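The values are calculated or read from the model by the stated rules, or taken from the named source; none is laboratory data. Because the structure is predicted, anything quoted here is derived from the model rather than measured. FYI the Cβ positions are ideal-geometry reconstructions off the backbone, even for glycines, and counts take in every protein chain you see. Areas reflect the complete protein model, heavy atoms only, side chains present, ligands, DNA and RNA absent. Shrake-Rupley method; radii C 1.70, N 1.55, O 1.52, S 1.80 Å.
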Amino acid sequence: MPYLTPTRTARRTSGAEQLGFGVPGYAHPLLAPTEWAELIRPGTPLHWAVLNIDNGPGARPDPHCLEAAGRLRNARERAVHGEAPRDSVRAAGGRLLGHLDLAFGSRPFGELIADAQSFLDWYRVDGFYLGRCPAGRADLASVRRLTSTLATLLDDSGSDPVEQRGEQRRLLVLGLGTHPYPGYAEAADQLVTFSGPWADYRWSQVAEWTAAYPPDRFAHFVHGVPRTHLEEAMRIARWQGAGTVFFTDRDDRHGQMDPFAALPRYWDEVVSRIGLGISE
């Protein structure tokens, strides 16, 4: 099968290792209340969700986004500090990430830091999603400079009760959509190494250098996945070593601009499959 790496380098996850969701960016909470409400439903295996007001934090605090951010933060607190037995996926509760658009390396460093500070001041985000991140060797130094500065901002923004329990608070995710130059793996906590249609994903190949890292370092976003192929999509993600996923049957055809901006029609089913750790 084309999506499998050679046996000597494959970093395949076991059936016991559960996948979780990374949500690359729903519509504004006022326009997508159902989507945002589903993220805090008990038992949803959410790793993180991206908040994107106006291709960034916007010009001022948005009351609807403030409310959505607060609900997600409260759900995380309940999940982590609840009395139910700990489950590493469900108890993650979902970190909130501010969306920073790198425009493939063309945005000034100062603008990105200003946007990051606004996200921290207004929405108390747990990290950042660096959208349209460049992937070449020539841009690695500038990306590492940015992620290093963002990590410092997050560390200086104040202690989170979750962090006091020995868990990492901050999270930096590179929205690459492809396998980058290997050095990017050391520039952030997680890399999105696939973002695209099911027709490409089912025949995709994973870069061999990724075998040196655990599944929680990689995320895959796939649109146009038929309901009948959900099990196959999860199997590909596990075999390719991705710990975070977002699968949807929606696509970018018929005038749809962003297939990831709404829930898949089989949301309840995919939550059940991933939440229960169903393996191949």
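How many of the residues making up region 195-207 are open to solvent by 30 Å² or more (accessible area, probe 1.4 Å) and either part of a strand (DSSP E or B) or among the aliphatic types (A, V, I, L, M) (or both)?
3
List, please: which pairs have Cβ atoms under 6 Å, are six or more places apart or on different chains, and start with a residue in region 260-280 that is more than 15 Å from F246 (Cβ to Cβ) and end with one that is open to solvent by 10 Å² or more (accessible area, probe 1.4 Å) and at pLDDT below 90?
G277/Q18; S279/G15
Where the second residue is open to solvent by 50 Å² or more (accessible area, probe 1.4 Å) and assigned to a helix (DSSP H, G or I) and the first is in contact (Cβ under 8 Å) with a residue 24 or more places away in the chain and lies in region 225-238, which pairs have Cβ atoms under 9 Å and are six or more apart or on separate chains?
R227/E269; L230/E269; L230/R273; E231/R273; M234/R273
Could you tell me which of the residues L191, L263 is in a loop (DSSP other than H, G, I, E, B) and either in contact with a helix residue (DSSP H, G or I) (Cβ under 7 Å, 6 or more places away or on another chain) or surrounded by fewer than 23 Cβ atoms within 10 Å (Cβ to Cβ) (or both)?
L263 is the lone residue from the list that is in a loop (DSSP other than H, G, I, E, B) and either in contact with a helix residue (DSSP H, G or I) (Cβ under 7 Å, 6 or more places away or on another chain) or surrounded by fewer than 23 Cβ atoms within 10 Å (Cβ to Cβ) (or both).
Could you say which residue among G20, G25 is surrounded by 16 or more Cβ atoms within 10 Å (Cβ to Cβ), at pLDDT below 90 and within 21 Å of the chain's Cα centre (by Cα)?
On inspection, the qualifying residue turns out to be G25.
Exactly one condition in (1) open to solvent by 10 Å² or more (accessible area, probe 1.4 Å); (2) over 14 Å from the mean Cα position of the chain (by Cα); (3) not charged (D, E, K, R) is not met by T210; state its number.
(1)
Among the listed residues I53, I40, which satisfies the condition of being of a type in the set (V, I, T) and within 25 Å of G243 (Cα to Cα)?
Result: I40 is the single residue among I53, I40 that is of a type in the set (V, I, T) and within 25 Å of G243 (Cα to Cα).
Can you give me the number of residues within region 97-156 that are outside any helix (DSSP H, G or I) and either touching a residue at least 12 places away in the same chain (Cβ under 8 Å) or aromatic (F, W, Y) (or both)?
Qualifying residue count for the region: 19.
Filter region 133-164 down to residues that are at pLDDT below 95 and either open to solvent by less than 10 Å² (accessible area, probe 1.4 Å) or at positive phi (or both), then give me how many there are.
Summing the residues that are at pLDDT below 95 and either open to solvent by less than 10 Å² (accessible area, probe 1.4 Å) or at positive phi (or both) in region 133-164 gives 2.
Quick check: anything in region 214-237 open to solvent by 30 Å² or more (accessible area, probe 1.4 Å), within 30 Å of S157 (Cα to Cα) and part of a helix (DSSP H, G or I)?
yes
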